[in-house]
C-alpha cells in the first residue's frame, strides 16, 4: 500500500524551502537559460552580438529600496509566473510554425528550462505564503508578430527575459537569505564554571 503523506509531513516539506535553497535553483536556471540561448543562436544562425529590443516583456512594479522582503518576493514571484507564460507561448508558436515532430537537443533544453522555472515558481510561492503574502495570477501576455523572422526574434527575446529574471531571482533570494540569517537571534552559550569554583 502506498504511503500517503500526512498534513504534518507535508507541512514539514514546505518548511524546508529557504531563500538560500531557492537561490541555488535560480542560479541553476540562469545557467540553463544561457545554454538554451546558445542552442537557439546556433539553430537560427544568430550572432552573439545580436541585440534585442529595449524594455522588458514582463510587467512588474520597479525595484525600490523601500520594498520589504514580502514585496520583493511578490514582485519576483509575479515576474517568474509571467516568464513561464511567455515561455509556454513561445514554445507553442514555434511548434505551430516550425514544428517537425522531432525532439532534439534544443527542444530538450527548452523543456528543462521550463521545468526548472516551474520549480523555482513553486519555491518562491512557498516563501511568499510563509511571509503571509498573497500569490498572484498570471496576466495574459499577448504577442503580435507580422513575419516568421519577427517571431524568431520574439522567441529569442523571451529566452533573454527568462535569463534576466533567473539572475534577478538569484540575487534577490541571496539577499533575502542573508537578511533572514542576520535576523535570527544568536544562541547564548552558557558559561561553564571554572575548576576552582567547582571545587568550592
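The values are calculated or read from the model by the stated rules, or taken from the named source; none is laboratory data. As the structure is a computational prediction, the values presented were derived from the model and not from experiment. Glycine gets a Cβ as well: all are built from the backbone with ideal geometry, and neighbour counts include every protein chain shown.
Brief remarks follow.
- Yes/no for residue 81 being closer than 19 Å to residue 166 by Cβ and either touching a residue at least 40 places away in the same chain (Cβ under 8 Å) or surrounded by 14 or more Cβ atoms within 10 Å (Cβ to Cβ) (or both): yes
- Matching option when the condition is touching a residue at least 24 places away in the same chain (Cβ under 8 Å) and under 18 Å from residue 159 (Cα atoms), among 48, 134, 114, 72: 114
- Note on region 111-134: among residues that are under 15 Å from the mean Cα position of the chain (by Cα) and over 16 Å from residue 169 (Cβ atoms), the one that is surrounded by the fewest Cβ atoms within 10 Å (Cβ to Cβ) is 111.
- Selection status of residue 106, under 20 Å from residue 43 (Cβ atoms) and at pLDDT 95 or above: yes
- Of all residues in region 32-68, those satisfying the criterion of being assigned to a helix (DSSP H, G or I) and more than 20 Å from the chain's Cα centre (by Cα) are 39, 40, 41, 42, 43, 44.
- First in region 159-185 and surrounded by fewer than 16 Cβ atoms within 10 Å (Cβ to Cβ), second anywhere and at pLDDT 95 or above and not in a helix (DSSP H, G or I), Cβ under 9 Å, 6 or more apart: none
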